[in-house]
1. Could you grab the relative contact order for chain A? Cα pairs under 8 Å, six or more apart, rounded to a whole percent.
2. Please give the helix A:265-277 orientation as an angle from the longest Cα principal axis of chain A, in degrees from 0 to 90, rounded to the nearest 10.
3. Can you pull the mean other chain C-beta count within 10 Å for peptide B:15-26?
4. Compute a Gaussian network model of chain A, connecting alpha carbons closer than 10 Å, and tell me which residue from A:257, A:113, A:289 fluctuates the most.
5. Using a 10 Å cut-off on Cβ to Cβ distances, tally the other chain neighbours for every residue of B:27-37 and report the average as a whole number.
6. Fewest first, what order do A:144, A:114, A:47 take by the number of other Cβ atoms within 10 Å?
7. Based on the Cβ-Cβ distance of residue A:264 and residue A:60, what FRET efficiency does E = 1/(1 + (r/R0)^6) give at R0 = 51 Å, to the nearest 0.05?
8. Fully extended, how many nm does the chain gain between residue A:103 and residue A:234 (0.36 nm per residue separation, minus their Cα-Cα distance)?
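Here, each number is a calculation from the coordinates, and none is a lab measurement. Since the model is a prediction, treat every value here as computed from it, not as a measurement. Cβ atoms come from the backbone with ideal geometry, glycine included; neighbour counts cover every protein chain shown.
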């Protein structure tokens, strides 16, 4: 990829982060300089900071451990791909754990002052006029995590080595904010803080062709402030009720209608089978509805299905 | 063939989905036929659930 033009290069030392614009079609490259360092990561629309990265939608669409080929999505109601991970030489990333904070180190370990991702991210985005309240849940590059059989999260030893890297191509103009994770008393970065190298590079025409959609928005429900009934950003902290408010729900009222489903005796016996299996409800109508919609999800739904039949 | 009828309730959004399936023309000509067809396909594709259920009895 030597034909990529270098736009910016910066080494993040331990205890620091960097807010860096990455324009549509540019690539953010983060590289390990030491033996395994987690990079927490925030991202904002460069032209509208209210659109920012969302772990929840990313987790929903790509699972608990996004890696090469997956995308980082912005929060509802914007919900656009911000970046695609076009290269990931390790493949262990986390979006379950929230960023570490000053509170966490004080509450759990008794440190009144300790490097922590929230404060580092907050200091990084201050360069662009954003506040500590604007820091959001992070994408945690290289953080090697798991979920035990009780549903509890745990942190494993970092696998990244010097020279490992991730590359993300921007789908629109973004303020990207990586930081050197401040956790030196978890195994997140193998109990040691190390620097990380950042580069911003121009994607080649071939890379733009491969990864970028022609339009930055593909769906009507990837909303913008122009779609909002109230689009101004508040400038006061106190919340006061709007006395003129009258609810205008998107779909309301919800009206139900009966559908009669004819079944032969043999077909009806299938209801009994599903009832005996469990996981479909008790009433005949519940079982038919659950089975029908489960079929529809398997047949028509785009993306991960998020259900196991009969459980 | 004796018939039994199971009545399910759907809302206007689910009705749109059934309308699309009816328009595709593959599963049936009305909502009831489409739901029946989808239900049967689910049972066919997950026959292990029916067998497991039968085995539990």
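1. Numbers: 597 pairs, mean separation 88.1, N = 311.
Relative contact order of chain A: 28 percent.
2. 40 degrees
3. Details: counts 4, 0, 3, 3, 0, 1, 3, 0, 0, 0, 0, 0.
Neighbouring Cβ atoms belonging to other protein chains average 1 per residue here.
4. With Cα springs under 10 Å in chain A, the top fluctuation among A:257, A:113, A:289 is at A:257.
5. Details: counts 0, 0, 0, 2, 5, 6, 3, 4, 11, 9, 3.
Per residue, the average neighbour count from other chains is 4.
6. Details: A:144 24, A:114 18, A:47 10.
Listed from fewest to most nearby Cβ atoms, that is A:47, A:114, A:144.
7. Working: r = 39 Å, r/R0 = 0.77.
According to the calculation, E is roughly 0.85.
8. Values: separation 131, 0.36 × 131 = 47.16 nm, distance 2.72 nm.
This chain segment gains 44.4 nm when fully extended.
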